[in-house]
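The values are calculated or read from the model by the stated rules, or taken from the named source; none is laboratory data. All figures in this text were calculated on a predicted structure; none of them were measured in a lab. Here the Cβ positions follow ideal geometry from the backbone for every residue, glycine too, while neighbour counts run over all protein chains shown. Surface areas here come from the heavy atoms of the whole protein model, side chains and all, with no ligands, DNA or RNA. Shrake-Rupley method; radii C 1.70, N 1.55, O 1.52, S 1.80 Å.
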Amino acid sequence: MSDQLRAPEAPVAEGLAAPYDALLLLSFGGPEGPDDVVPFLENVTRGRGIPRERLKEVGQHYFGFGGVSPINGQNRELLDALRKDFAEHGLDLQVYWGNRNWAPYLTDVLREMAADGRRRIAVLATSAYASYSGCRQYRENLADSLAALAAEGVAPLPRVDKLRHYFNHPGFVQPMIDGVLASLAGLPAQVRDGAHLVFTTHSIPTAAADASGPAGEHGGGGAYVRQHLDVAKVIADAVRARTGTERPWELVYQSRSGAPHVPWLEPDICDHLEVLHGAGAPAAVMVPIGFVSDHMEVLYDLDTEATAKAAELGLPVARSATVGADPRFAAAVRDLVLERAAGERGEDVERCALGLLGASHDLCAVGCCPARAPRPAAAGADSPYA
């Protein structure tokens, strides 16, 4: 189905979600007020020895928005969209939400799910691509929480299965195509046809990128870079087909947070805008393909910092929307659940994917997105929890 820009629309009959009895939306978390900012950042950076005063400096991005990260509100909107879609299609599957770094905390939510009698849980992480921080770290969080519940005597422990990477699912890609088209339409007519497309994602250390995905895909930016490039090409090709205009495009990076001496993926978005301006580009559309919703790194790094850089240069820019709670994305999540459920039942499955890479794997292999130090991770071939 790699050449079809559509999400599947099949009626859902009772029992098609089996063996799953719940879906867990697993996300990063964020502060909900000024007093939460530093404690939240302490959770994010635990074990790195970063002084509290430095965290206060980093927290200025949040303080500029009243100390509230938009990610929690956006996850609530996605929860509502998922529940609405499931109900409309007869999918009797309870939906829960847990975070890595802030309330509702993952361990608390898994404890609640176990008390509710949930025994087989499909997990959707709010990260669409392969990387340590976007996949394996969530699997490590799941293992840590299950270990904590086991230590409390919770039995039986629920089994958790992380749904596959959905970066190239039609229900994720199509809303982004529409977002680019809307952003182009909003540019002044005299610069619209010459506007460049600037696809952005979170920069990560080059070593982490090289080791992303299954071991056979390591090197040269790994699965992380290849997946983003594939999605960018699908979107650029679709925009060309819809507008009749061939546009230059580039994958660039944002939100670097590491030590200056450690190589991270480049070019940075602001540096790239300077290059475009110097080359005479009349305008640009920033397309945050690496992000599921308009959380802080989109609002600050693109809407604030990169937009200010463009204004300084005199370069007209627009920023296209992320997927967020788009009904097509909610439908894609339903499709991912039913696809995985059918596979777990041993049935043949038609897996939706656009571009050249095909549908991602269900089960992370040993060596997939490895951490620097080995840690147990659930929902993979090396999981200690069957």
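Under the Kirkwood approximation applied to all pairs of distinct alpha-carbon atoms, what is the hydrodynamic radius of the chain in Å?
Mean inverse Cα-Cα distance, inverted, gives 21.6 Å.
Within region 95-168, list the trypsin sites (Lys or Arg not before Pro) lying in a DSSP loop whose Cβ has at most 15 other Cβ atoms in a 10 Å radius. All intermediate terms of the calculation are to be shown ahead of the outcome.
Working: sites: ARG100, ARG111, ARG118, ARG119, ARG120, ARG136, ARG139, ARG159, LYS162, ARG164; in loops: ARG100, ARG118, ARG119, ARG164.
Qualifying residues, ordered by number: ARG119.
Could you give the length gained on full extension between ALA115 and ALA241, defined as 0.36 nm per residue of separation minus the Cα-Cα distance, in nm? Please list the in-between numbers first.
Values: separation 126, 0.36 × 126 = 45.36 nm, distance 5.13 nm.
Net length gain for the segment: 40.2 nm.
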Discussion item. Tell me the carbon and sulfur percent of the accessible area for region 192-345, rounded to whole percent, probe radius 1.4 Å.
Written reply: 54
Fill in: Theoretical FRET efficiency, 1/(1+(r/R0)^6), r = Cβ-Cβ of HIS361 and ALA189, R0 35 Å, to 0.05
0.20
Discussion item. Give the list, by residue number, of cysteines in the chain with no other Cys Cβ closer than 4.7 Å, or say none.
Written reply: CYS135, CYS270, CYS352, CYS369
Worksheet item: Quick one: helix 106-115 against the long Cα principal axis of the chain, what's the angle to the nearest 10°, folded into 0 to 90?
Response: 40
Item to complete: Hey, can you find the accessible area per residue of the chain for me, probe 1.4 Å, expressed in square angstrom?
Response: 42
Worksheet item: So how far apart, in nm, are the two label points at ASN43 and ALA87 if each is 7 Å from Cα heading toward Cβ?
Response: 2.8
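How high is the relative contact order of the chain? Use alpha-carbon pairs under 8 Å, at least six apart in sequence, and give a whole percent.
Details: 716 pairs, mean separation 97.5, N = 386.
After rounding, I find 25 percent.
With a Förster radius of 25 Å, plug the Cβ-Cβ distance of ASP348 and LEU229 into 1/(1 + (r/R0)^6) and report the FRET value to the nearest 0.05.
Numbers: r = 30 Å, r/R0 = 1.20.
Efficiency for this residue pair is about 0.25.
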Worksheet item: Among all the aspartates and glutamates, which ones have a C-alpha under 12 Å from LYS162's C-alpha, if same-chain residues fewer than 8 places away are not counted?
Response: GLU140, ASP362
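Please list, by residue number, every one of the trypsin sites (Lys or Arg not before Pro) in region 331-379 that is coil in DSSP and has at most 14 other beta-carbon atoms within 10 Å.
Details: sites: ARG334, ARG340, ARG345, ARG351, ARG372; in loops: ARG345, ARG351, ARG372.
For trypsin sites (Lys or Arg not before Pro) across region 331-379 that sit outside H, G, I, E and B with at most 14 neighbouring Cβ atoms in 10 Å, the list reads ARG345, ARG372.
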Worksheet item: Between the helical axis of 269-278 and the dominant principal axis of the chain, each derived from Cα atoms, what acute angle in degrees is found, rounded to the nearest 10?
Response: 20
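Counting other Cβ atoms within 10 Å of each Cβ, which chymotrypsin sites (Phe, Trp or Tyr not before Pro) in region 234-272 have at most 15 and sit in a DSSP loop? Numbers along the way, then the final one.
Working: sites: TRP249, TYR253, TRP264; in loops: none.
Loop-located and lightly packed - none at all.
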Response to the item:
Distance in nm between GLN60 and ALA148 label points, each 7 Å along Cα→Cβ, equals 3.3
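Assuming R0 = 51 Å, what is the FRET efficiency of THR307 and ALA386, from their Cβ-Cβ distance, to the nearest 0.05?
Values: r = 49 Å, r/R0 = 0.96.
The calculated FRET efficiency here is 0.55.
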